Amino acid sequence: MSFPTKSTITRLAPSPTGALHMGNARTFLITWLLARTRGVKIIFRMEDLDHPRVKPETKQEAIDDLRWLGIDWDEGFTNDDDIKRYTQSNRTEIYKQAIDKLIKKKLIYPCICTRKEIENIRSAPHEGDYSPKYPGTCRDKFLSFEDAEKAIIEDRLPAWRFRCPNEETVFCDGFQGKQIGNPAKSNGDFIIARGKYGAGYQLAVVVDDAEMNVTEVIRGDDLLPCTHWQILLYKALDIEKKIPKYFHLPLLVGPDGKRLAKRHGDTRISIYRKRGYSPNKLIGLLAYYSGFADFGEELSINELQKRFNINKIPKHKITVKSKDENILK
Ligand code: GLU
């Protein structure tokens with residue numbers, strides 16, 4: 001295994017809200033390949049802020065699944081000491097500082113609207129999770145968070161919403177090229193926390209990537225719209241220089257064209273691992289979906305590393321057929 005030679009850092013950031021399946025395993029595999037073929041350091045971060053949806057058993061399972069595939073990392077969850085530092089639920093203090101800074105700069109405001117998105121802000125939004133544009137109902141309604149609390153009759157907490165400036169956000173994606181957005185026009189002000197200091201995904205991911213000096217973010221392209229919001233947060237927190245390079249990968253999809261999910265069949269990695277299937281068969285299949293192998297080839301992760309070429313990764317969604325997995329048996 002080559003040791004990192006540059007100060008380039010990427011991360012594997014699973015959310016323990018569900019099992020690792022073929023779709024997210026492929027994203028992690030490509031992250032690993034992009035890193036290992038270029039001497040990039042890999043950190044592992046557990047994104048467990050979404051308390052009601054966190055399934056504790058999936059934390060260790062994700063680690064076991066990745067290790068079974070041969071995906072390793074350099075920092076985070078390598079020893080007991082750094083588990084704390086790399087687990088989001090242990091990092092509330094650092095998020096609090098960021099929230100206080102945004103309050104001081106008057107860049108966020110309390111919002112009492114009851115919307116599905118307020119309930120779901122702790123997780124990264126994936127396909128179908130994006131809400132319609134926020135009309136700005138609470139923009140200039142409350143003088144303080146406490147005022148907003150008083151205005152809620154039911155037993156729930158106000159959220160903090162980011163006041164989007166009406167400006168374009170531009171970045172050059174490593175897979176998809178130039179991207180131009182304007183969150184104020186597309187989705188409107190977005191939620192960054194629930195309760196006074198309950199940081200949500202958008203804020204936590206920015207604060208963490210900046211604090212952990214992450215320079216490259218590789219993830220599924222269903223998170224591409226979030227990048228425009230996250231760029232606004234980097235600017236608002238005065239850490240614009242820390243904006244990483246983004247690579248948004250086209251996703252694996254089921255026959256219906258939707259992001260690979262349970263309803264398309266059980267593609268949990270732990271199932272293949274527990275059945276005693278060969279990890280090399282699965283690596284071969286994921287390599288096939290990524291343009292590096294023929295269907296049915298078996299490959300070790302180190303053999304795959306020699307074939308890796310970013311330009312071969314298809315630019316379009318890749319359809320997984322249910323009978324594909326028969327070759328794993
Ligand atoms: N933890 C997020 C997820 O599993 C990934 C977030 C990100 O890469 O920014 O969807």
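Observations
- Contact order relative to length of the chain, as percent, for alpha carbon pairs under 8 angstrom and 6 or more apart: 18
- Signed unit charges on C-beta, dipole axis of the chain, positive-most listed residue ASN79, TYR272, CYS172: CYS172
- Gyration tensor verdict on the range 170-249 (Cα atoms; rounded if a/c is under 1.5, prolate if a/b is larger than b/c, oblate otherwise): oblate
- Whole-Å semi-axes of the chain's equivalent ellipsoid (Cα gyration tensor): 35, 20, 19
- Charging the Cβ of each Asp and Glu at -1 and of each Lys and Arg at +1, and nothing else, the dipole of the range 112-237 about its Cα centre rounds to 400 debye.
- Extension gain from ILE103 to GLU149, taking 0.36 nm per residue of separation minus the Cα-Cα distance: 15.0 nm
- Normalised contact order of the range 134-236, rounded percent, pairs of Cα under 8 Å and 6 or more residues apart: 25
- Crossing angle, helix 92-104 versus the chain [Cα axis fit, 0-90 degrees, rounded to tens]: 40
- The range 83-214: C-alpha gyration tensor shape, a/c 1.5 cut-off, then a/b vs b/c: oblate
- Antiparallel bridges, percent of DSSP beta bridges restricted to the chain (to nearest 5): 55
- Within the range 179-248, trypsin sites (Lys or Arg not before Pro) in DSSP loop having at most 12 other beta-carbon neighbours inside 10 Å: none
- Legend: distances between Cα atoms for LYS96/LYS241; LYS41/LYS329; LYS84/LYS242; LYS106/LYS242; pairs beyond 26 Å are LYS41/LYS329.
- Applying a 4.7 Å Cβ-Cβ cutoff to the chain, the cysteines left without a disulfide-compatible partner are CYS113, CYS164, CYS172, CYS226.
- Dipole check for the chain: with +1 at the C-beta of Lys and Arg, -1 at the C-beta of Asp and Glu, and the Cα centre as origin, the magnitude is about 500 Debye.
Each value in this text was obtained by applying a stated rule to the coordinates, not by laboratory testing. The structure presented is a predicted model; accordingly, all values stated were derived computationally and were not measured. Ideal geometry is used to build each Cβ from the backbone, glycine not excepted, and the neighbour counts take in all protein chains shown.
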